[in-house]
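Presented below is the structure to which this report refers.
Bear in mind that the values in this text are calculations on the coordinates, not laboratory data. The shown structure was predicted, so the numbers you read here are calculated from the model rather than taken from an experiment. Cβ atoms come from the backbone with ideal geometry, glycine included; neighbour counts cover every protein chain shown.
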Amino acid sequence: MKKLKITLLTILCSCFVMNAQAQTLYDNLGGKDTIHQIMVRTLELSLKDKRIAHTLERSDMNRLARLLTDQTCELTGGPCKYDGLDMKKAHVGLGLTTAHFNALVEHLQQAMSEANISNRTQNKLLSLLAPMHRDVVEK
Ligand code: HEM
């Protein structure tokens, strides 16, 4: 009986460990297709927002969605390689403010909610993006 209990406990523990190893933030975001869908929607909402639309009007939205997807995929433990500019070079001269930054984050949150991403997962991604504020915002 004791041996059976120990065996069951061992199986339970190893399942728990395997599960903890397998579930990355990338997985919790639904993988690359869902991340791409979230980025396309974030840009769509941003282009409708008078506070930030002007900053994006001259950019290629397909390219930007692809780069945002690769960057998020890599950052969250997915199998992608981001090949775009670093965040300082990408945003230099755009004159972005904290208000612009917060507006984009608002749209990202809405896009994630529409894709049924849990609040816990949303917050984990936002906390990875938060340190980029210092390279994105100029004033
Ligand atoms: C954590 C926040 C942000 C992240 C992770 C991010 C990420 C990126 C990435 C990956 C690129 C592409 C770099 C390349 O061209 O190689 C980019 C470019 C750009 N981002 Fe951001 N960004 C952020 C905040 C913002 C904000 C707040 C705005 C404006 C409201 C903005 C507007 C732009 C624009 C206009 C470009 C240039 C696109 C082009 O070259 O045509 N970004 N960003």
| said: Cβ neighbours within 10 Å, averaged per peptide: list 41-53, 127-139 in order, most packed at the top. | reply: 41-53, 127-139
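Quick one: compute the contact order of the range 26-136, relative version, from alpha carbon pairs under 8 angstrom and 6+ residues apart, as a percent.
Details: 94 pairs, mean separation 39.5, N = 111.
The normalised contact order for the range 26-136 reaches 36 percent.
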| Net charge, MET39 excluded, C-beta distance under 12 Å - Lys, Arg +1, Asp, Glu -1 | +1
| message | Which one, THR98, TYR26, VAL40, is farthest towards the positive end of the dipole of the chain when Lys and Arg carry +1 and Asp and Glu -1 on their Cβ? | response | TYR26
